Amino acid sequence: MKIAIITDIHEDIISLKEALRSIEKFKCDEIICLGDISGFSIPYYNYLKTRNAHECLSLIRSNCKIVVLGNHDIHAASIIPENCPFFEFPKNWYQLDYHERHRLGNSTLWLHEENDLNPLYKADDIEYLRSLPEYSVLRTSGLNILFTHYIYPNISGLKKEFYTYGDEFKQHFQFMNSLDCTVSFTGHTHIRGFFMATGDKFKQFRFKKMKLKSVPVCLGMPPITNHNKGNGFCIFDVNDLSIQVIKL
């Protein structure tokens, strides 16, 4: 089985179409999206005239069987997350004004209206986003794979926190174990290339092909959005445990 993994599109329809064209050449069995289809942020992205959240979501819906929510998607669809052990969202969270949410979140949560433009979704787009899970497990004959937007307990990337040390992945590996998973793919960090966490080790790589030598392992994927010129996608061969992270 061969799967393609994409993440962090951020309404960049041009890069998403380029990625899907490239993925076609690999004849994958599945394309999996790790979230943040939404989220065009004025300070970070320079494709204002071509951004199109609705068209990006339409392509994801027609090409991806597994899609998980990212933090920008949760905000765009006004979703109260279910898997957020570090903060209990009030049921009226989206009815509260910005200053009250900022106070309650103690400046540790992303409040996306600070930077994000309205994605201009249709009602059906919002309904679809609200139907998506916050994580998903693909169970194959010899391998169970966990897909999240980021690392447990911050699996949807709602908290302003990034992990770069091996011991910070301890809870994530425990979460994987609870789901009987030995391989995990995440996004969110917009890394130029990919990262690999195994046990107490964390290492970053440029775009390359390699075989996984040990499990459990957590792999962080590059974004589709081209804002940092380090965008790309991943091809994972379940049979021989090889990954190929390809630059767009």
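Assess whether residue 31 counts as being under 26 Å from residue 154 (Cα atoms), of a type in the set (Val, Ile, Thr), in a loop (DSSP other than H, G, I, E, B) and in contact with a helix residue (DSSP H, G or I) (Cβ under 8 Å, 6 or more places away or on another chain). Against the criterion (under 26 Å from residue 154 (Cα atoms), of a type in the set (Val, Ile, Thr), in a loop (DSSP other than H, G, I, E, B) and in contact with a helix residue (DSSP H, G or I) (Cβ under 8 Å, 6 or more places away or on another chain)), residue 31 does not qualify.
Among the residues of segment 35-44, is any assigned to a strand (DSSP E or B), among the polar types (S, T, N, Q), surrounded by fewer than 24 Cβ atoms within 10 Å (Cβ to Cβ) and touching an Asp or Glu at 6+ places or on another chain (Cβ under 7 Å)? Yes; the residues of segment 35-44 include at least one that is assigned to a strand (DSSP E or B), among the polar types (S, T, N, Q), surrounded by fewer than 24 Cβ atoms within 10 Å (Cβ to Cβ) and touching an Asp or Glu at 6+ places or on another chain (Cβ under 7 Å).
Tell me, yes or no, whether segment 161-182 has at least one residue that is surrounded by fewer than 17 Cβ atoms within 10 Å (Cβ to Cβ) and in a strand (DSSP E or B). Checked segment 161-182: no residue is surrounded by fewer than 17 Cβ atoms within 10 Å (Cβ to Cβ) and in a strand (DSSP E or B). Scanning segment 125-147 for residues that are under 18 Å from residue 212 (Cβ atoms) and touching a strand residue (DSSP E or B) at 6+ places or on another chain (Cβ under 7 Å) returns 137, 138, 143, 144, 145, 146, 147. In summary, residue 239 fulfils each of the numbered conditions (1) closer than 22 Å to residue 28 by Cα; (2) crowded, with 18+ Cβ neighbours inside 10 Å with the single exception of condition (2). Selection over segment 52-71 of residues that are surrounded by fewer than 20 Cβ atoms within 10 Å (Cβ to Cβ) and in a loop (DSSP other than H, G, I, E, B) gives a count of 3.
Of all residues in segment 221-236, those being more than 20 Å from residue 1 (Cα to Cα) and surrounded by 18 or more Cβ atoms within 10 Å (Cβ to Cβ) number 8. For segment 151-192, the set of residues classified as out of contact with any Cys (no Cβ under 8 Å at 6 or more places or on another chain), in contact (Cβ under 8 Å) with a residue 40 or more places away in the chain and farther than 21 Å from residue 67 by Cα consists of 160, 161, listed by residue number. Against the definition (assigned to a strand (DSSP E or B) and farther than 14 Å from residue 72 by Cα), how does residue 23 come out, yes or no? Considered against the rule, which asks whether it is assigned to a strand (DSSP E or B) and farther than 14 Å from residue 72 by Cα, residue 23 comes out as no.
Per-residue answers, yes or no, for (1) surrounded by 13 or more Cβ atoms within 10 Å (Cβ to Cβ); (2) part of a strand (DSSP E or B); (3) among the acidic types (Asp, Glu):
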residue	(1), (2), (3)
106	no, no, no
121	yes, no, no
129	yes, no, no
132	yes, no, no
138	yes, yes, no
142	no, no, no
146	yes, yes, no
150	yes, no, no
153	yes, no, no
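Which one is farthest from residue 156 (Cα to Cα) among residues in segment 72-104 that are surrounded by 11 or more Cβ atoms within 10 Å (Cβ to Cβ) and of a type in the set (Ser, Thr, Tyr)? This residue is 94.
For segment 231-245, the condition of being farther than 15 Å from residue 138 by Cβ, under 15 Å from the mean Cα position of the chain (by Cα), at pLDDT 95 or above and assigned to a loop (DSSP other than H, G, I, E, B) holds for at least one residue.
The values are calculated or read from the model by the stated rules, or taken from the named source; none is laboratory data. None of these values were measured; they are calculated from a predicted model. A quick note on method: Cβ atoms are made from the backbone with ideal geometry, for glycine too, and the neighbour counts reach across all protein chains shown.
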